[in-house]
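Peer 1: What follows is a structure written as structure tokens; I'll ask about it next.
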Amino acid sequence: RNSGAVIMIINESETLALHKELVKTPSVSGNENVLADFVESWMRNRVDNVHRIGNSVVALYGPGPYLLLNSHLDTVPECEGWSRDPYDVEPVDGVVYGLGSNDAKGAGAALMAAFDHSVRHEVSGSVALVLVEGEETTGKGTSNSLQFFQDHEIGISAAIVGEPTGLDIAVAQKGLLILEIIAESTPCHAARATQLGVANPIAALANDIAAVCRLEWPEVDAFLGPISLQPTVIKGGSVKNQVPGLASVTFDIRSTNAYSHNEIIERFEKAVDGRVNVVSTRLTPASTSDSSKIVRAASSVRPGSTLYGSATMSDMVFMQDIPSIKTGPGISARSHTPDEFILEEEILAGAEFYVKVVQEYSRLARLEGAKQEVTA
């Protein structure tokens, strides 16, 4: 096995060709099977220990516990505004256009290149490559893959979640709490509501929205900042001359560890007159200490990278008990946009970054293991 020195060589043409193959293969959420077939075949050409879990694929190198290299195969559907074929991925002056090219097939190709590098050079340490379905929708791919690890008692020591971050390093990620406020009344003709003393649920809902927006949240997370909450969907009435019987508003709440989801729900219930319906609480904030091995490894490899807290969701949400970071090539602002793109140089920089992080993490793990043996 390698002594631990960082081997910086990656095959640039193979890495770019791999990215091209990923992007030109359609894989909108729910239709990842063809791309999963390709990835599974690619993995089986490198290691024997490969597992298919639905349309998610897991490859294991080494005895474990594993450094998890995780990203997703699926993309959002093509949006309006594309000026080119979203699956025509011929580069133009070093720019690769295509649906999913940035989110997150750039990270996917770079992680595959890093895994391939580990196998080819027999790098010390254990690495698991996990490329999943459904990240853009349900998150079932990573959730089911982690359940596979648990069911088979396969250890995970840390994780890298590949997403476009410009190779900055997210050590924390906000959670997502979805609440609905519902105001109810008795439907009646709009002309008779005052005479009948019928309260208009739309007006009541407006008061509740204002009350929630006046709430103060002084506690601030060191990396994630304050919580954010926004009303996103309002429903109420369908007939212009009738007071409706019900009106509702949905709040998108990006939570931090400063307030638990239960605390936020309780504050909503105290602030409003309407009924608070809890739509979803399962996506809680995730965070990793900046003193953990995976953060130290990534930071030492790329000292210019910013450690930050991410406001957007990713499968890092499922890594609650696993030291994890979210980082990868590409820029988040390009995701889910027409003519989505990534630069070839970003893909290659991402692949080298991942190679070095795997090597440095393995080195730190060996050092800490040796210290524990001496202490024992």
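The values are calculated or read from the model by the stated rules, or taken from the named source; none is laboratory data. Here the structure is a predicted model, which is why all the values come from computation and not from measurement. Here the Cβ is made from the backbone with ideal geometry for all residues, glycine too, and neighbour counts use every protein chain on show. These accessible areas exclude ligands, DNA and RNA; they are computed on the full protein's heavy atoms, side chains included. Shrake-Rupley method; radii C 1.70, N 1.55, O 1.52, S 1.80 Å.
Peer 1: Angle, helix 33-44 long axis vs. longest principal axis of the chain, Cα atoms, 0 to 90°, nearest 10?
Peer 2: 30 degrees
Peer 1: log10 I(q)/I(0), Debye, Cα-only the chain, no solvent, q = 0.08, 0.10, 0.12 Å⁻¹?
Peer 2: -0.48, -0.69, -0.91
Peer 1: Right, next: Please give the net charge around Asn31, taking every other residue with its beta carbon less than 10 angstrom from that of Asn31, where Lys and Arg add +1 and Asp and Glu add -1.
Peer 2: -3
Peer 1: Beta carbons within 10 angstrom, averaged per residue: use that to sort the peptides 59-69, 161-171, 74-84, highest first.
Peer 2: Numbers: 59-69: 20.8, 161-171: 25.0, 74-84: 14.5.
Most protected by this proxy first, the peptides run 161-171, 59-69, 74-84.
Peer 1: Find which of Val89, Pro218, Ala158 sits farthest along the positive direction of the dipole of the chain, computed with +1 on the beta-carbon of Lys and Arg, -1 on that of Asp and Glu, about the Cα centre.
Peer 2: It is Pro218.
Peer 1: Give me the one-decimal nm value for the distance between modelled label points at Glu219 and Thr306, 7 Å along each residue's Cα-to-Cβ direction.
Peer 2: Using points 7 Å along Cα→Cβ, the separation is 2.6 nm.
Peer 1: Could I ask something else about it? How big is the antiparallel share of DSSP beta bridges in the chain, given as a percent to the nearest 5? Intermediate values should be presented prior to the final figure.
Peer 2: Details: 43 of 62 bridges.
Of the beta bridges lying entirely in the chain, close to 70 percent run antiparallel.
Peer 1: Report, to the nearest whole %, how much of the accessible area of the stretch 154-212 belongs to carbon and sulfur atoms, 1.4 Å probe, protein only. List each step's numbers first, then the result.
Peer 2: Working: 1200 of 2190 Å².
Result for the stretch 154-212: 55 percent of the exposed heavy-atom area is carbon or sulfur.
Peer 1: Next up: Which value, in Å², gives the accessible area per residue of the stretch 1-135 when a 1.4 Å probe is used on the protein heavy atoms?
Peer 2: 39 Å²
Peer 1: Which net charge results when you count Lys and Arg as +1 and Asp and Glu as -1 among the other residues whose beta-carbon is under 14 Å from that of Leu167?
Peer 2: My count for the surroundings of Leu167 gives -2.
Peer 1: Next question, about the same structure. Given a 1.4 Å probe and every protein chain left where it sits, what share in percent of the accessible area of the stretch 286-365 is carbon and sulfur?
Peer 2: Values: 1550 of 2950 Å².
Percent of accessible area from carbon and sulfur atoms in the stretch 286-365: 52.
Peer 1: Tell me, what is the per residue accessible area of the stretch 172-230 in Å², probe radius 1.4 Å?
Peer 2: Numbers: 3160 Å² over 59 residues.
Spelled out: the 1.4 Å probe surface of the stretch 172-230, per residue, equals 54 Å².
Peer 1: Please give the helix 12-24 orientation as an angle from the longest Cα principal axis of the chain, in degrees from 0 to 90, rounded to the nearest 10.
Peer 2: 30 degrees
Peer 1: Please give me the summed charge of the neighbours of Gly330: other residues whose Cβ is under 13 Å from its Cβ, Lys and Arg +1, Asp and Glu -1.
Peer 2: -4
Peer 1: Using a 1.4 Å probe on the protein chains only, how many percent of the accessible area of the stretch 17-107 belongs to carbon and sulfur? Mind showing how you got there, number by number?
Peer 2: Working: 1690 of 3640 Å².
Ligands and nucleic acids excluded, carbon and sulfur give 46 percent.
Peer 1: Using a 1.4 Å probe, what is the accessible area per residue for the stretch 280-350, in Å²? Walk me through the intermediate numbers first.
Peer 2: Values: 2930 Å² over 71 residues.
Ligands and nucleic acids excluded, the result is 41 Å² per residue.
Peer 1: Given Cβ point charges of +1 (Lys, Arg) and -1 (Asp, Glu) and nothing else, what value in debye, to the nearest 20, does the dipole of the chain about its Cα centre take?
Peer 2: Numbers: 29 positive and 47 negative charges, 157 e Å.
Computed charge dipole of the chain: roughly 760 debye.
Peer 1: Where nothing but the Cβ of Lys and Arg (+1) and of Asp and Glu (-1) is charged, how large is the charge dipole of the stretch 192-257 around its Cα centre, in debye to the nearest 20?
Peer 2: Magnitude of the dipole: close to 480 debye.
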